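See structure below.
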Amino acid sequence: RTAVLPQLGLNPDSYLNPQTNPIRNELLIPADIPLIGFVGRLIPEKGVSLLLEALHRLQYLEWRVLILGSGPLESEITGKWQETFGDRLIYRKAVPHAEVPAYMRAMDIFVLPSYATPAWKEQFGLVLAEAMLAGVPCIGSFSGAIPDVIGPGGLVFKEKDVDDLVRTLERLLVDLSLRKALAEDAQRFALQNYTHAAVAAAYMKLPISVEIAPSG
């Protein structure tokens, strides 16, 4: 039998800090406007362009979007999409990993719209675990391991399907009670599965068998 477990866990102290988060104030995001977040490499298969295309169709709703990362699509984001969205789009280059939890805690919805290519498929999506531990409901595609990682902590949409992503985003943007319920489920699931202690305990429960090859 094969067990599928995260390679590493997360320190909950970094994500559960109850103190006022300075990032949201720094970004000038009003408390009543949902902040949608993406954190990751800015490469096509991570799907950030799909997210921005979906938001282009949802401009009649109130939201802000934060893109945090670096990569080949940076010029598209700071050019085409910044011009389209103006101050509704906030872009920050990749930051040290120790700073990521503060950004996660500032978000209201986290989106990972990855899609598979012939050479790559999302194997885990650590950023999902980070967002969930921070109490952020997630939206992810059906690609690779994403649905299993999200579990009860968010919603999934058809891989590479912008129409379905639009519907899923709209559902969370207009339903505050659903966002709050999923946020609680996400954090509970992450505490049970994605902390250092949870991952270590899961490994310790595995049965260990040792095969000794015959000598000679």
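The values are calculated or read from the model by the stated rules, or taken from the named source; none is laboratory data. If you're wondering where the values come from, they're calculated on a predicted model, not measured in any experiment. Here the Cβ positions follow ideal geometry from the backbone for every residue, glycine too, while neighbour counts run over all protein chains shown. The accessibility values were calculated without ligands, DNA or RNA, using every heavy atom of the protein model including side chains. Shrake-Rupley method; radii C 1.70, N 1.55, O 1.52, S 1.80 Å.
Structural remarks
- The chain shape via C-alpha gyration tensor axes, a/c threshold 1.5: prolate
- Each of 166, 91, 200 was scored by the projection of its Cα onto the charge dipole of the range 71-216, and the greatest displacement toward the positive side belongs to 200; charges sit on the C-beta of Lys, Arg, Asp and Glu.
- Under-5 Å amide H pairs with residue 141, H placed in peptide plane, nonlocal only: 112, 114, 157
- Each residue, residue 78 and residue 62, gets one label point 7 Å from its Cα in the Cβ direction; the gap between the two is 3.1 nm.
- Phi to ³J(HN,Hα) by Karplus 6.51 cos²θ - 1.76 cosθ + 1.60 over the range 139-149, Hz, x for Gly, Pro: 10, x, 7, 7, 6, x, 8, 3, x, 5, 5
- The alpha-carbon of residue 93 sits under 19 angstrom from the alpha-carbons of these aspartates and glutamates, leaving out residues fewer than 8 places away in its chain: 26, 45, 74, 76, 83, 130.
- Part-to-part distance (alpha-carbon centres) for the range 4-79 and the range 99-124, which is given in Å: 8 Å
- The residues of the chain expose on average 52 square angstrom of accessible surface per residue, using a 1.4 Å probe on protein heavy atoms.
- Cα-based shape type of the range 76-196, given that a ≥ b ≥ c are square roots of the gyration tensor eigenvalues and the cut on a/c is 1.5: rounded
- Looking at the chain alone, DSSP beta bridges between its own residues are antiparallel in about 5 percent of cases.
- With θ taken as phi - 60° and the Karplus curve 6.51 cos²θ - 1.76 cosθ + 1.60 applied, the whole-hertz 3J(HN,Hα) list for the range 182-188 is 5, 4, 5, 5, 4, 5, 4 Hz, x standing for glycine and proline.
- Among 26, 122, 62, the residue with the largest mean-square fluctuation in a Gaussian network model of the chain, with springs joining Cα atoms closer than 10 Å, is 26.
- FRET efficiency for the residue 205 to residue 120 pair, using the beta carbon distance and R₀ = 30 Å, is estimated at 0.45.
- Carbon-plus-sulfur accessible fraction, the range 2-95 (probe radius 1.4 Å, protein heavy atoms only): 52%.
- Overall form of the range 61-110 per C-alpha gyration tensor (a/c, 1.5; a/b vs b/c): oblate
- Proximity of backbone amide H atoms, modeled 1.01 Å from N, is registered between residue 94 and 69, 70 at under 5 Å, excluding neighbours fewer than 5 places apart on the same chain.
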